[in-house]
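Take a look at the structure set out below.
The values are calculated or read from the model by the stated rules, or taken from the named source; none is laboratory data. Since the structure is predicted, the reported quantities are computational estimates derived from the model, not experimental observations. Please note: Cβ atoms are built from the backbone with ideal geometry, for glycine as well, and neighbour counts cover all protein chains shown.
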């Protein structure tokens, strides 16, 4: 029983002691006046204790402030970088260095904290010398690797498809250290390594060029299944006197003008050439052209660094163009009525074929298709109620591929009726009525299904 009052007074004294210590706690000088030390990047941050995760928020804010201090120093050290050559604004380069250096902020030290019921102060700093030494070590390793990658690119010949990634990887290696000294000796010349690599990247569109090898403009029939082979070669103008072909090189193809079916991409063979196969022209535009370009996406997929990707994407490689003279399918009409080939009504079929975007020809050797129309008349009977004679026309129409002689389609129209005052006239009238039936019903279906499809 006597021990209970003793414990009570001990607890009370302890509480009073803690209270007096808290009241007497001195506010650090750095709370009221942020310290300046030329040996450190530093930041004092104040946040409300009412904010969730206020301690983490204070640290994040301090890291951001220290990064901004670093970026100011970076700006002052970028005078040797040719930003106009790379096409990347100085602000983006600075932001990139700031971002890439953020991993080194793990060495930021927490010097002290001060807290009241409502506010939290934290003092962080980073030793400038240690930070710069770490970046210098990383830069030295990057420069050593980049020099080897640059040399690998410069030694490329027909294997340029592997040389270009080496050049881009070299650029990725040094782009985070543009605020540091990148002066090196390369091929017995003093150069800024970044500027040298960028210069070579920017030269690529002048050195790497595809070219179609056909000397004459091909004539192509529209709307037909084709197998037109268009050889294209990729040349690497390494020097004024040394021109090489590029094996395994990626290309992409498209219609610069017109429409049709062809492969979207391809790779050159060991001799540096690719045979582009044009499968179809689906437009009647008379002057069309096909473009062959370097497939930049093939190399872009191998780039990790966003600044290097931007430099690469800004490059403009000139395409190779080949013109096409596009003609409509030619069709030759074989026509007969009761065994006679000449007829004024034949013109109706020819006019209808022209309306259907075909070109008619009188020379079967120049035709792509032959349209065989054989009409025969058949006498009917005397219709006493009308005092007229009836006759019927029967037509057999075949569409023939002119080169293979294969019958593409064949249809018949039977019992096309005609009436006249005499049997002879009725039989003659069956021709025009049957021809009109062919023009109205059959030709569109046959042409659209078997020529234009």
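From 144, 196, grab the single residue that is assigned to a helix (DSSP H, G or I), touching a strand residue (DSSP E or B) at 6+ places or on another chain (Cβ under 8 Å), farther than 21 Å from residue 306 by Cβ and not assigned by TED's automatic domain parsing to the domain that holds residue 52.
Of 144, 196, the one residue that is assigned to a helix (DSSP H, G or I), touching a strand residue (DSSP E or B) at 6+ places or on another chain (Cβ under 8 Å), farther than 21 Å from residue 306 by Cβ and not assigned by TED's automatic domain parsing to the domain that holds residue 52 is 196.
Could you check residue 265 against (1) on the phi > 0 side of the Ramachandran plot; (2) touching a helix residue (DSSP H, G or I) at 6+ places or on another chain (Cβ under 9 Å) and say which number it fails?
(1)
Kindly provide the set of residues from the stretch 364-385 that are exposed (fewer than 12 other Cβ atoms within 10 Å of the Cβ), closer than 23 Å to residue 223 by Cα and in contact with a strand residue (DSSP E or B) (Cβ under 7 Å, 6 or more places away or on another chain), ordered by number.
Hit for the stretch 364-385 is 366, nothing else.
Can we say residue 418 is out of contact with any helix residue (DSSP H, G or I) (no Cβ under 8 Å at 6 or more places or on another chain), in a strand (DSSP E or B) and not assigned by TED's automatic domain parsing to the domain that holds residue 219?
When the stated conditions are applied, residue 418 does not pass them.
For every residue, the table says whether it meets (1) within 28 Å of residue 280 (Cβ to Cβ); (2) modelled with pLDDT under 95; (3) touching a strand residue (DSSP E or B) at 6+ places or on another chain (Cβ under 9 Å); (4) surrounded by 18 or more Cβ atoms within 10 Å (Cβ to Cβ).
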site: 403; (1), (2), (3), (4): yes, yes, no, no
site: 412; (1), (2), (3), (4): no, no, yes, no
site: 423; (1), (2), (3), (4): no, yes, yes, no
site: 427; (1), (2), (3), (4): no, yes, yes, yes
site: 440; (1), (2), (3), (4): no, yes, no, no
site: 448; (1), (2), (3), (4): yes, yes, no, no
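Hey, could you check the stretch 156-185 for residues that are part of a strand (DSSP E or B) and surrounded by fewer than 17 Cβ atoms within 10 Å (Cβ to Cβ) and say which is farthest from the chain's Cα centre (by Cα)?
Taking the candidates together, the pick is 185.
Among the residues of the stretch 125-141, write down those that are part of a helix (DSSP H, G or I) and either closer than 30 Å to residue 61 by Cα or not assigned by TED's automatic domain parsing to the domain that holds residue 163 (or both).
Correct list: 128, 129, 130, 131, 132, 133, 134, 135, 136, 137, 138, 139.
Would you call residue 226 in contact with a strand residue (DSSP E or B) (Cβ under 6 Å, 6 or more places away or on another chain) and within 30 Å of residue 450 (Cβ to Cβ)?
Judged against the criteria, residue 226 is a match.
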